[in-house]
Amino acid sequence: AQTVTQSQPEMSVQEAETVTLSCTYDTSESDYYLFWYKQPPSRQMILVIRQEAYKQQNATENRFSVNFQKAAKSFSLKISDSQLGDAAMYFCAYRPGGTSYGKLTFGQGTILTVHP
Amino acid sequence: DSGVTQTPKHLITATGQRVTLRCSPRSGDLSVYWYQQSLDQGLQFLIQYYNGEERAKGNILERFSAQQFPDLHSELNLSSLELGDSALYFCASSPTSSSRNVNEQYFGPGTRLTVT
């Protein structure tokens, strides 16, 4: 079974600084997808970024980028120029590939605090 | 706004009761997923439907059941409720196999269930 581990229960960053959230996963599959979701105090789950395992290039979405290390099974999220609105719980998630029917397996989450 | 709607937003009920949570996926999405978020179990996959058929089952209790109707909306039925069933229940939908973003899941705002 696939597992996702986020080893940082809490992280903090100063506004305008950069922070990196860690995630590792375990799978025997070669085809899969990785995601970062943001859950602000409203509890809405918001998709932040996606990475396909077959792509070597790291995904980037504006101030959000990932460092995908397939061999190490590591998938970290870097938030640049942090803003107060980035404060939230962040979840790393894994989804098997090869089918459009795959469930998401989530990590335990990292609470990010942004200090003004 | 993800385009996925869930009703009700909040539900308070007593132990032993039965409730129904409703989800409408994004327009055109055929897959619906149900997830449970609780303090002790984190975010867990419950069940998935695709175009009216059950596709995958996760850690869903026998007291829980779901279905997807011809108009693609889905309902999650929870019966013989226990205090431990108190949680945030999310519905998510994903695009059809012809979409570029077929592997992404978009979450509704959730239904917060409190069992007293």
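The values are calculated or read from the model by the stated rules, or taken from the named source; none is laboratory data. Remember, it's a predicted structure, so these values are computed and weren't measured experimentally. So basically every Cβ, Gly included, is an ideal-geometry build from the backbone, and we count neighbours across all protein chains shown. What goes into the accessible areas is simple: the full protein's heavy atoms, side chains included, and nothing from ligands, DNA or RNA. Shrake-Rupley method; radii C 1.70, N 1.55, O 1.52, S 1.80 Å.
Does A:Gln14 fit the bill of being surrounded by 19 or more Cβ atoms within 10 Å (Cβ to Cβ), polar (S, T, N, Q) and at pLDDT 95 or above? Talk me through it step by step, then tell me what you get.
On the way: surrounded by 19 or more Cβ atoms within 10 Å (Cβ to Cβ): no; polar (S, T, N, Q): yes; at pLDDT 95 or above: yes.
No, not satisfied.
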(request) Kindly check whether there is at least one residue in the stretch B:4-20 that is at pLDDT below 95 and over 13 Å from the mean Cα position of the chain (by Cα). (result) no
(message) So in the stretch A:17-28, with the set limited to residues that are out of contact with any strand residue (DSSP E or B) (no Cβ under 6 Å at 6 or more places or on another chain) and of a type outside the set (Asp, Glu), which one is most open to solvent (accessible area, probe 1.4 Å)?
(response) A:Ser28
(message) Just to be sure before I move on: is B:Arg26 among the basic types (Lys, Arg) and either more than 14 Å from chain A (Cβ to nearest Cβ) or closer than 12 Å to B:Thr111 by Cβ (or both) in the structure I sent?
(response) no
(request) Any chance you could count how many residues in the stretch A:61-104 are of a type in the set (Asp, Glu) and either open to solvent by 70 Å² or more (accessible area, probe 1.4 Å) or on the phi > 0 side of the Ramachandran plot (or both)? (result) 2
(request) Look through the stretch B:90-116, keep the residues that are more than 11 Å from chain A (Cβ to nearest Cβ) and under 18 Å from the mean Cα position of the chain (by Cα), and return whichever of them is modelled with the lowest pLDDT. (result) B:Ser93
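Conditions tested, residue by residue: (1) under 21 Å from B:Glu104 (Cα atoms); (2) touching a Phe, Trp or Tyr at 6+ places or on another chain (Cβ under 8 Å); (3) not charged (D, E, K, R).
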site: A:Thr20; (1), (2), (3): no, no, yes
site: A:Glu29; (1), (2), (3): yes, no, no
site: A:Pro40; (1), (2), (3): yes, no, yes
site: A:Leu47; (1), (2), (3): yes, yes, yes
site: A:Phe75; (1), (2), (3): yes, yes, yes
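Quick check on A:Asn58: is it in contact with a strand residue (DSSP E or B) (Cβ under 7 Å, 6 or more places away or on another chain), open to solvent by 30 Å² or more (accessible area, probe 1.4 Å) and part of a loop (DSSP other than H, G, I, E, B)?
yes
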(request) Would you be able to tell me the number of residues in the stretch B:48-73 that are within 9 Å of chain A (Cβ to nearest Cβ) and among the aliphatic types (A, V, I, L, M)? (result) 1
(request) Might you check whether a residue that is aliphatic (A, V, I, L, M), over 26 Å from B:Ser31 (Cα atoms) and at pLDDT 95 or above occurs anywhere in the stretch A:76-83? (result) yes
(message) The conditions are (1) within 24 Å of A:Met89 (Cβ to Cβ); (2) modelled with pLDDT of 95 or more, and B:Asp40 fails exactly one of them. Which is it?
(response) (2)
(message) Condition check: modelled with pLDDT under 95 and either more than 10 Å from chain B (Cβ to nearest Cβ) or surrounded by 12 or more Cβ atoms within 10 Å (Cβ to Cβ) (or both). Does A:Pro41 satisfy that?
(response) yes
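For a quick check of your reading: which strands (runs of 3 or more DSSP E) sit entirely within the stretch B:1-112 and have at least 1 residues that are without any contact (Cβ under 8 Å) to a residue 60 or more places away in the chain and open to solvent by 50 Å² or more (accessible area, probe 1.4 Å)? Before you say what the answer is, go through the steps one by one.
On the way: elements: B:5-7, B:10-13, B:19-24, B:31-38, B:42-50, B:53-57, B:64-68, B:74-78, B:87-94.
Per the criteria, B:19-24, B:53-57, B:64-68.
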